Amino acid sequence: MIHGLTFKEYIEEEKEKIGEMTKAEKKSYFIDYYLKYCIAAVVILGLLVWIGIDFGRAMRHTIVTGGVIGAHLSEEGTTYLTDDYMTYLDKSAFSNKIDFASYIILDDEDYQTYTVFQAELAVNRYNYLITTKKGLAFVAQCECLADLDPILDDELKQKVSDKIFRAKLGESGAMIAAAVDISDTAFAKDYLIAGEPVYFIITGQTDDYESGLDVLRYILRKES
């Protein structure tokens, strides 16, 4: 009920009242009685749309998470591993995302950078890393990387057999196929500045390494 009237009766009364007004009176009546409600409705609708978009973005599926340690990756290189990779996979950015840290800092004068990075490794924050030997040594020390020998398929093994870099794990002391040297790839030559060899490693402590391996395949397919 609105002022003792049903909604239908109220609408009919308003239509009759407005119909008897001049153009100037209609404008003034709208400003006095309805404008504030229209503004409020627009604001509320805008907020609902914003919340919906923000929620949708937060709920997007993460395809892969990667990062770079100790090397400078150009803006074009970052795009190649994010937007271009999304296009290559034919995935929609509306429902999917790629998380990428283009410059992970390991500062010898600030050991907290190592602590934070180690915590990220411990919770499987990354699927893969592109790193210089310093970053590789630290990840191996933490034992947060995959042994490539059992997880590379035959095609990948054939492509990188002479680029495998072996390293010793920290606690167990086991020697594993820890990384692939990608220094001579078109990707590294076009997008990376390091001044030393650059390695691709599969990180994490899970049995699902395929998302990282897919990025390795993608990097190796690039031509100059």
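The values are calculated or read from the model by the stated rules, or taken from the named source; none is laboratory data. Everything quoted here is computed from the prediction, not taken from an experiment. Every residue, glycine among them, receives a Cβ derived from its backbone with ideal geometry; neighbour counts consider all protein chains shown. Heads up: the accessible areas ignore ligands, DNA and RNA and are worked out on the full protein's heavy atoms, side chains in. Shrake-Rupley method; radii C 1.70, N 1.55, O 1.52, S 1.80 Å.
Any chance you could count how many residues in the stretch 176-188 are within 13 Å of R221 (Cα to Cα) and open to solvent by 30 Å² or more (accessible area, probe 1.4 Å)?
Matching residues across the stretch 176-188 total 1.
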Pairs returned, first residue in the stretch 111-123 that is among the hydroxyl-bearing types (S, T, Y), second residue that is part of a helix (DSSP H, G or I), beta-carbon separation under 9 angstrom, 6 or more apart or interchain, are Y114/F138
Criterion: at pLDDT 95 or above, open to solvent by less than 70 Å² (accessible area, probe 1.4 Å) and either in contact with a Pro (Cβ under 6 Å, 6 or more places away or on another chain) or closer than 22 Å to C144 by Cβ (or both) - qualifying residue of Y191, Y199: Y199
Whichever residue in the stretch 140-196 is in contact with a Phe, Trp or Tyr (Cβ under 8 Å, 6 or more places away or on another chain) and in contact (Cβ under 8 Å) with a residue 40 or more places away in the chain and, among such residues, is nearest to H72 (Cα to Cα): Y191
